[in-house]
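Written out below as structure tokens is the structure these notes cover.
The values are calculated or read from the model by the stated rules, or taken from the named source; none is laboratory data. It should be emphasised that the depicted structure is a prediction, and the values quoted were computed from it without experimental measurement. As a convention, Cβ positions derive from the backbone with ideal geometry for all residues, glycine included, and neighbour counts pool all protein chains shown.
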């Protein structure tokens, strides 16, 4: 099976390495920077849909699965959707697609949010929501949308920016996070189990309070913790129940166990 990863970035590059270790052939794309990965089953090409560069359809023509893992542009809220469509124009009609989406598409209000209430393309609150709508209309049962909560992992610890911001955060807000290893695990699980025509949340099962979690994370990193206020709090929870029902076992179901590099 040949997997295409559009966007060899913080998530896409380690995903490529993991897939190669499992015996898949991988094609990756990058907009500008060199990719430090040498493997007989790996090739990569510079491809930038934002600049409308023409890539050979033949180069993409034998892919079985494409993972759209590049970050949204900041040009306008519908630009990311257009970028995704440009990629889809190059792949074969039989190719399956995983869109790396975000739980930021859900309304920013209290409640428990799941995929059944908000299927792909139903929430157009940001550019990623518009992308879901655009490609779900095109691909239908060839698409699975993976909505990831806040990503945490090597060189990506939100607490560092929080501590520097000088802002005060709500201590009793629950966190909705996922470790990069589980993000990669979910993508591989979808591919290996052939789970298509689904919208799936990727989020750790536990939701510790921000004050508790980020104070502990700051201590692990050896930095000052952010400022917190425990007078008010919200109850916005991202449910990962569907991913568990499908059979995925989280490596880090509790964010308090996230390792710090």
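Observations on the model:
- Residues that are farther than 11 Å from residue 151 by Cα, crowded, with 17+ Cβ neighbours inside 10 Å and within 17 Å of the chain's Cα centre (by Cα) within the range 197-208 comprise 198, 199, 200, 201, listed in sequence order.
- Residues satisfying the stated conditions in the range 156-213, i.e. in a helix (DSSP H, G or I), more than 27 Å from residue 1 (Cβ to Cβ) and free of Cβ contacts under 8 Å to residues at least 60 places away in the same chain: 158, 161, 164, 210, 211, 212, 213
- Residues in the range 214-237 that are touching a residue at least 12 places away in the same chain (Cβ under 8 Å) and not in a loop (DSSP other than H, G, I, E, B): 214, 215, 216, 217, 218, 220, 221, 227, 228, 229, 236, 237.
- Leading residue by the ranking (farthest from the chain's Cα centre (by Cα)) among those in the range 209-228 that are surrounded by fewer than 14 Cβ atoms within 10 Å (Cβ to Cβ) and on the phi < 0 side of the Ramachandran plot: 224
- Yes/no for residue 34 being in a loop (DSSP other than H, G, I, E, B), over 28 Å from residue 125 (Cα atoms) and either at pLDDT below 85 or within 20 Å of the chain's Cα centre (by Cα) (or both): yes
- Scanning the range 1-30 for residues that are in contact (Cβ under 8 Å) with a residue 40 or more places away in the chain, assigned to a strand (DSSP E or B) and over 19 Å from the mean Cα position of the chain (by Cα) turns up just one, 2.
- Restricting attention to the range 91-115, the residues being without any contact (Cβ under 8 Å) to a residue 40 or more places away in the chain and under 20 Å from the mean Cα position of the chain (by Cα) number 2.
- Candidate set from the range 169-189 (those that are farther than 16 Å from residue 200 by Cα and touching a helix residue (DSSP H, G or I) at 6+ places or on another chain (Cβ under 6 Å)); member that is surrounded by the most Cβ atoms within 10 Å (Cβ to Cβ): 175
- Residue ranges of strands (runs of 3 or more DSSP E) in the range 71-149 with at least 3 members closer than 16 Å to residue 201 by Cα and touching a helix residue (DSSP H, G or I) at 6+ places or on another chain (Cβ under 7 Å): 96-102, 143-148
- Condition met for residue 170 (closer than 24 Å to residue 196 by Cα and modelled with pLDDT of 90 or more): no
- Here residue 97 meets each of (1) closer than 22 Å to residue 11 by Cβ; (2) at pLDDT below 90; (3) touching a strand residue (DSSP E or B) at 6+ places or on another chain (Cβ under 8 Å) with one exception, condition (2).
- Qualifying residue in the range 238-257 (condition: closer than 20 Å to residue 67 by Cα, touching a residue at least 60 places away in the same chain (Cβ under 8 Å) and touching a helix residue (DSSP H, G or I) at 6+ places or on another chain (Cβ under 8 Å)): yes
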